[in-house]
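Asker: Next up is a structure, given as structure tokens.
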Amino acid sequence: TTRWIDDTRALLFTLGYFYFYDYTASSRTLALDTSATLTLPDRATKTYSGYANKNHKVLYAVDTASGSVTDTLQVYTDSGSGYTLDSTDLTDDIASFNGFRVGHRQISVSNNGKVMVIGDPTYNLVGDFPTGTAPGRFYIFERSSLSDNFDFANPDATFTGTGDQRLGYNVIISGDGNVVVAATWDTANYENELFQKSSGTWSKITDTSLD
């Protein structure tokens, strides 16, 4: 994963490391900022994929190794004085992922870094993935400031699909953290479902068939 943070700064994730590079336009060169490198604590035993929210206030990595029933989530937040590891394990406190590999499609973070959405499309799976059936579900986690940790044991909102929708296969949150679009993976009726926070409460607004 490689992303530009701004015109003079780039972010690279590889092999369990977040690297930061400074770009000099006059010479068109990148220089590694060795003081800023982030090393995932268990990179030697995990297979991580790394991502960032739009303004790079939140960096996150998920263990996508085959055979990992419960994926590990590492969350780094920059609250103004550099990145710190503020949450570690995404455990069965919220879901058993039944062998499904959580990736960038199943996690989204608002621009301000205070709202995270995590999809669990194999929630309540009957049979084996991917041939079994599952209604799916997704979770919304909020924190009042970047200095707080996300409380993965206590979602602020949870929405569950029906039948074999596999809700949460793809999730994305708006920049202001008030709207979520969650896609289903029902081969008979693909849908995008829209959810909105109003007066402090999350609720489903509508869905759109993608047949």
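The values are calculated or read from the model by the stated rules, or taken from the named source; none is laboratory data. Predicted model, so just to flag it, every value in this text is computed and none were measured. Because the Cβ atoms are built from the backbone with ideal geometry, glycine has one as well, and the counts that use them run over all protein chains shown. For accessibility, only protein heavy atoms count, side chains too; no ligands or nucleic acids. Shrake-Rupley method; radii C 1.70, N 1.55, O 1.52, S 1.80 Å.
Asker: Amide H of Ala52 versus every other amide H placed in the peptide plane: which residues, excluding those fewer than 5 positions away on the same chain, fall under 5 Å?
Answerer: Amide H neighbours of Ala52: Tyr60.
Asker: On to the next question. Report, to the nearest whole %, how much of the accessible area of the stretch 132-211 belongs to carbon and sulfur atoms, 1.4 Å probe, protein only.
Answerer: 46 percent
Asker: Right, next: Grab the other residues whose beta carbon is less than 13 angstrom from that of Thr84, score K and R as +1, D and E as -1, and report the net.
Answerer: -2
Asker: Right, another one. May I ask you to rank Glu142, Glu193 by accessible area, largest first, using a 1.4 Å probe over the protein chains only?
Answerer: Largest accessible area first, the list is Glu142, Glu193.
Asker: Computing the accessible area with a 1.4 Å probe over protein heavy atoms, can you report the carbon and sulfur percentage for the stretch 1-40?
Answerer: In the stretch 1-40, the share of accessible area belonging to carbon and sulfur is 51 percent.
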